[in-house]
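Novice: Got a structure here, written out as structure tokens. Questions coming.
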Amino acid sequence: MNRLRIAIQKSGRLTEASKALLEECGITLPTAKRKLMTPASNFPLEVYYLRDDDIPAYVADGIADLGILGENVFRESQQKISKIEDLRFAKCRLSIAIPKNIEDADLQWLNGKRVATTYPNVLQDYFDENQINAEIHKISGSVEIAPNIGLADAICDIVSSGGTLLSNGLKELCTVFKSQAILVGRSDIAPEKKALLNQLLFRIRSVQKAQDNQYILLNAPNTAIDQICTLIPGMKSPTIVPLVQEGWSSLQSVIDKEQFWEVIDQLKQCGAQGILTMPIGKMIL
Ligand code: ATP
Ligand code: ZN
């Protein structure tokens, strides 16, 4: 039987969110501990639990069809696999940091310097793009202590809050790129697996759309309906139901979370009252 094989991180920052995404897509995984692979019970899919750094090679070699990993690891791997979808979690940035006592430094300061990183390929590309001539020192961990022990003049590493940098006497100089979790796969996936992938992608996008929107219910004077319909057009158009009170209607629609408060203010100005909003489970256009 045809099954999609998807590799996710075994234990780390991506694990819970990767499993939660599959669950949100209606894919039930047995709670198997210390297993390398578990089949889903209600979708033709097997999950492989791996170290995140191993995922690109497993996908490139065809042992897994798909993988969920940080874009930072994907870019560094330089394997022949492609990004299929942004997954929006594990957001962080790959940054260059320098000792905090260095004032007025810009990118050019890096010329002739040694930079320690676990991302030599991504960093070299960045230096090439920006015509910086610096020496890249590849190390496998504890990058942030490299300047203190005299191993390097600067570092390039994952930053989220900047707290680790600060406690090591460093400050951010520039962002190399912004990363998040992504879905990857080979471009030559077999046609019968492609159909399953499309099914999975359809579910992922429905989950994401639901996260972007809220359900909205409100009362409005009939004279304001046209204006309100342009503010919250919904998926096709809003539903309008007359209220018992003459001259008033109830409207149902969806509202984009990005513009939520802006649109709410405008709805109130139009005379909308009794506004209720609710989270949406899945959103299918
Ligand atoms: P493994 O044992 O699988 O090799 P790891 O130690 O290399 O794990 P984690 O620390 O679990 O990796 O991080 C996994 C991914 O999570 C990183 O590659 C990155 O994409 C993302 N990530 C790392 N640090 C942060 C952070 N501070 N905030 C958000 N996401 C992060
Ligand atoms: Zn790793």
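Novice: Go through the range 258-281 and give me each residue that's within 27 Å of the chain's Cα centre (by Cα) and exposed (fewer than 15 other Cβ atoms within 10 Å of the Cβ).
Specialist: GLU258, GLN259, PHE260, TRP261, GLU262, MET278, PRO279, GLY281
Novice: So which residues in the range 175-192 are open to solvent by 30 Å² or more (accessible area, probe 1.4 Å) and either more than 16 Å from ligand 1 (Cβ to nearest atom) or in a loop (DSSP other than H, G, I, E, B) (or both), if there are any at all? Step through it out loud before you land on a result.
Specialist: Going through the range 175-192, the residues open to solvent by 30 Å² or more (accessible area, probe 1.4 Å) turn out to be 175, 178, 180, 186-188, 190-192.
If the condition is that a residue be open to solvent by 30 Å² or more (accessible area, probe 1.4 Å) and either more than 16 Å from ligand 1 (Cβ to nearest atom) or in a loop (DSSP other than H, G, I, E, B) (or both), then GLN180, ARG186, SER187, ASP188, ALA190, PRO191, GLU192 are the ones that fit.
Novice: Output the number of residues of the range 6-38 satisfying the condition of being within 15 Å of ligand 1 (Cβ to nearest atom), open to solvent by 20 Å² or more (accessible area, probe 1.4 Å) and within 17 Å of ALA64 (Cα to Cα).
Specialist: 4
Novice: Just checking, how many residues over the range 226-257 are among the polar types (S, T, N, Q), loosely packed, with under 12 Cβ neighbours inside 10 Å and under 27 Å from SER206 (Cα atoms)? I'd like the intermediate steps shown before the answer.
Specialist: Step one: list which residues in the range 226-257 are among the polar types (S, T, N, Q), which gives 227, 230, 237, 239, 245, 249-250, 252-253.
Restricting the remaining residues to those that are loosely packed, with under 12 Cβ neighbours inside 10 Å gives 230, 237, 245.
The next check asks that each one be under 27 Å from SER206 (Cα atoms); those that pass are 230, 237.
Residues flagged as among the polar types (S, T, N, Q), loosely packed, with under 12 Cβ neighbours inside 10 Å and under 27 Å from SER206 (Cα atoms) within the range 226-257 amount to 2.
Novice: Turning to a different aspect of this structure: Please state which one of LYS171, LYS194, LYS209 is basic (Lys, Arg) and free of Cβ contacts under 8 Å to residues at least 24 places away in the same chain. Can you show your working first?
Specialist: On the way: LYS171 fails: free of Cβ contacts under 8 Å to residues at least 24 places away in the same chain; LYS209 fails: free of Cβ contacts under 8 Å to residues at least 24 places away in the same chain.
Only one candidate passes the filter, namely LYS194.
Novice: Please enumerate the residues belonging to the range 137-161 that are open to solvent by 40 Å² or more (accessible area, probe 1.4 Å) and more than 14 Å from ligand 1 (Cβ to nearest atom).
Specialist: If the condition is that a residue be open to solvent by 40 Å² or more (accessible area, probe 1.4 Å) and more than 14 Å from ligand 1 (Cβ to nearest atom), then HIS137, LYS138, ILE145, ASN148, ILE149, GLY150, LEU151, ASP153 are the ones that fit.
Novice: Output the number of the condition that GLU76 fails; it satisfies all remaining conditions of (1) open to solvent by less than 20 Å² (accessible area, probe 1.4 Å); (2) in contact with a helix residue (DSSP H, G or I) (Cβ under 6 Å, 6 or more places away or on another chain).
Specialist: Single failed check for GLU76: (1).
Novice: Within the range 55-69, track down each residue that is open to solvent by 10 Å² or more (accessible area, probe 1.4 Å) and either in the same structural domain as ASP157 (by TED's automatic domain parsing) or in contact (Cβ under 8 Å) with a residue 12 or more places away in the chain (or both).
Specialist: ALA57, TYR58, ALA60, GLY62, ILE63
Novice: For the range 120-137, does any single residue satisfy the condition of being within 23 Å of the chain's Cα centre (by Cα), farther than 19 Å from LEU69 by Cα and aromatic (Phe, Trp, Tyr)?
Specialist: Yes, there is a match, as at least one residue in the range 120-137 is within 23 Å of the chain's Cα centre (by Cα), farther than 19 Å from LEU69 by Cα and aromatic (Phe, Trp, Tyr).
Novice: Tell me which of these ARG114 doesn't satisfy, since it passes every other one: (1) open to solvent by less than 60 Å² (accessible area, probe 1.4 Å); (2) free of Cβ contacts under 8 Å to residues at least 60 places away in the same chain; (3) away from ligand 2 (no atom under 16 Å from the Cβ).
Specialist: Only one criterion is unmet by ARG114, namely (1).
The values are calculated or read from the model by the stated rules, or taken from the named source; none is laboratory data. Note that the structure is predicted; figures quoted are calculated from it, not measured. All Cβ positions, even for glycine, are placed from backbone atoms using ideal geometry, and neighbour counts span all protein chains on display. The protein model used for the area step is the full one, side chains on, heavy atoms only, and it has no ligands, DNA or RNA in it. Shrake-Rupley method; radii C 1.70, N 1.55, O 1.52, S 1.80 Å.
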